[in-house]
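Student: Structure below; questions to follow.
The values are calculated or read from the model by the stated rules, or taken from the named source; none is laboratory data. A quick note: this is a predicted structure, and the numbers were derived from the prediction, not measured. Heads up, the Cβs are rebuilt from the backbone with ideal geometry, glycines too, and the neighbour counts pull from every protein chain shown. What goes into the accessible areas is simple: the full protein's heavy atoms, side chains included, and nothing from ligands, DNA or RNA. Shrake-Rupley method; radii C 1.70, N 1.55, O 1.52, S 1.80 Å.
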Amino acid sequence: MILVTGGAGYIGSHTCLELLQQRYSVVVLDNFCNSKPTSLHRVENLVGGKMTVVRGDVRNRALLRKLFTAYQIDAVVHFAGLKAVGESVQQPLIYYDNNVVGSVTLTEVMAEYGVKTLVFSSSATVYGDPASVPIREDFPVGTTNPYGSSKLMVERIYRDLAVADPTWRIALLRYFNPVGAHQSGMIGEDPNGIPNNLMPFIAQVASGRREHLNIWGNDYSTPDGTGVRDYIHVTDLALGHLAALQALQDKDGVLTVNLGTGQGHSVLEMVSAFEAASGKKIPYRIAPRRPGDIGACYADPALAAQLLGWRAELGIDAMCRDAWRWQSMNPEGYFETERVQELSFA
Ligand code: NAD
Ligand code: UDP
């Protein structure tokens, strides 16, 4: 059985779907601070399978112990955490508590129960502003905000843990820019308030919910001057976690791998691709650079292919098509009135 922390969230829900599809048994632990149980009900309906869902916090040691006692957990996929860069600058302690204390508490309890296989959500943000692209895993790391620092700290803690006890099997997955939605249009990204990220913002402009997109700068040293990123379809990303779980089956130690496509795309390219996918015009204005942004960031994905036997398959057309399907089928995200069964620790 796989414990998925933060399994109701954007990436977690897509990963739960793929896990169920591959016949894994899944128990989700989520406090729903940034998600709704609806996503998990939809996953169950899509797959025609069941998960155990527990409402609770990954920092709650007593609850974790109950979970590990009640279920035969073989491995943990750890998504639970906070992810808004700007908010992390305003509220650093909340970020360190959730992301670092949560990750430490989880592994302490895992060790108590002899469960030592773990897949952790890290981020390309640990590379800061890279000296060159594509980015390899051995590039220098350095962060500029508490969110990024919390990810880097957890990476370091987990590496130290595996040195102290080499029977740990840990995959540190550095995600590039996850976008898109499941091809059914039934699960996707449901940001609170005004989206910070490009794709959900574009999707809301296409649907008429927002007037125009602000493009944060067109004076970067990139082919068209706008920021370049490595957008990766969330389904490809989810499959990367299954590949990591497989790879950890016969290897002690720590795997640190980029999960990206290796392709960089500019903001203007994404706008065109979304217009083509949706048939809608995306009005935009060029605005000043966003503080803290970098010009270009994309992965060298070779190590993931080598160590995990995984590579991303879907391109920006599929990403935009599926993001648009999700947006048009769920203009307000996961609507509140949907009936959800109350979840509790069983
Ligand atoms: P998300 O906010 O949609 O999902 C996170 C889930 O964790 C949510 O369901 C939330 O309710 C839950 N959660 C948060 N704190 C918790 C806690 N203390 N206890 C229990 N549950 C808790 O985010 P996501 O986009 O799915 O990201 C998943 C992970 O991947 C995060 O750790 C994030 O930092 C990391 N990541 C995300 C991106 C991205 O662009 N989306 C990029 C790199 C890394
Ligand atoms: N971006 C933009 N307008 C927006 C949101 C993002 O021009 O409203 C740009 C941003 O400057 C960056 C790219 O789109 O070049 C991706 O931004 P996002 O916030 O999605 O990801 P990150 O910057 O964290 O990689």
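Student: How large a share of the accessible area of the chain, in percent, is made up of carbon and sulfur atoms when the probe is 1.4 Å and the other protein chains stay in place?
Tutor: It is 50 percent, rounded to a whole number.
Student: Please identify, among GLY81, GLY148, GLY49, the residue showing maximal mean-square fluctuation in a Gaussian network model of the chain using a 10 angstrom Cα cutoff.
Tutor: GLY49
Student: Could you give the Stokes-Einstein D for the chain in µm² per second, using the C-alpha Kirkwood radius, 10 °C, 1.306 mPa s?
Tutor: Using the Kirkwood radius from Cα pairs, D works out to 78 µm²/s.
Student: Something else now. Would you please name the trypsin sites (Lys or Arg not before Pro) within region 118-205 that are DSSP coil residues with at most 16 other C-beta atoms within 10 Å of their C-beta?
Tutor: Passing both the DSSP loop test and the Cβ count: ARG136.
Student: Nearest 5 is fine: what % of DSSP beta bridges in the chain come out antiparallel, could you say?
Tutor: So the antiparallel bridges amount to about 5 percent of the total.
Student: To continue, here is another question. Based on DSSP, what percent of beta bridges with both residues in region 47-205 are antiparallel, to the nearest 5?
Tutor: Taking every DSSP beta bridge within region 47-205, about 0 percent pair in antiparallel fashion.
Student: Could you name the lysines whose alpha carbon sits less than 19 Å from that of LYS83, not counting residues in the same chain fewer than 8 places away?
Tutor: Cα-Cα hits under 19 Å: LYS36, LYS151.
Student: Which residue, ASN98, ASN60, ASN177, has the most motion in a Gaussian network model of the chain that connects Cα atoms within less than 10 Å?
Tutor: ASN60
Student: Oh, and also: In Å², and per residue, what accessible area does region 180-228 have when probed at 1.4 Å with the other protein chains present?
Tutor: For region 180-228, the per-residue accessible area is 45 Å².
Student: Calculate, for region 1-49, the solvent-accessible area per residue in square angstrom, rolling a 1.4 angstrom probe over the heavy atoms of the protein chains.
Tutor: Result: 30 Å² of accessible area for each residue.
Student: Suppose we flag GluC sites (Glu not before Pro) only when DSSP calls them loop and at most 13 other Cβ atoms lie within 10 Å. Which is the longest uninterrupted stretch of the chain?
Tutor: With GluC sites (Glu not before Pro) excluded where exposed in loops, the chain gives 1-210 as its longest stretch.
Student: From the helices alone, meaning DSSP H stretches of at least four residues, give me the mean residue ellipticity at 222 nm for the chain, per-run term -39500 (n - 2.57), in deg cm²/dmol to the nearest 500.
Tutor: -11000 deg cm²/dmol
Student: Over region 177-332, what is the relative contact order in whole percent, taking alpha-carbon pairs under 8 Å and six or more residues apart?
Tutor: Relative CO of region 177-332 lands at 39 percent.
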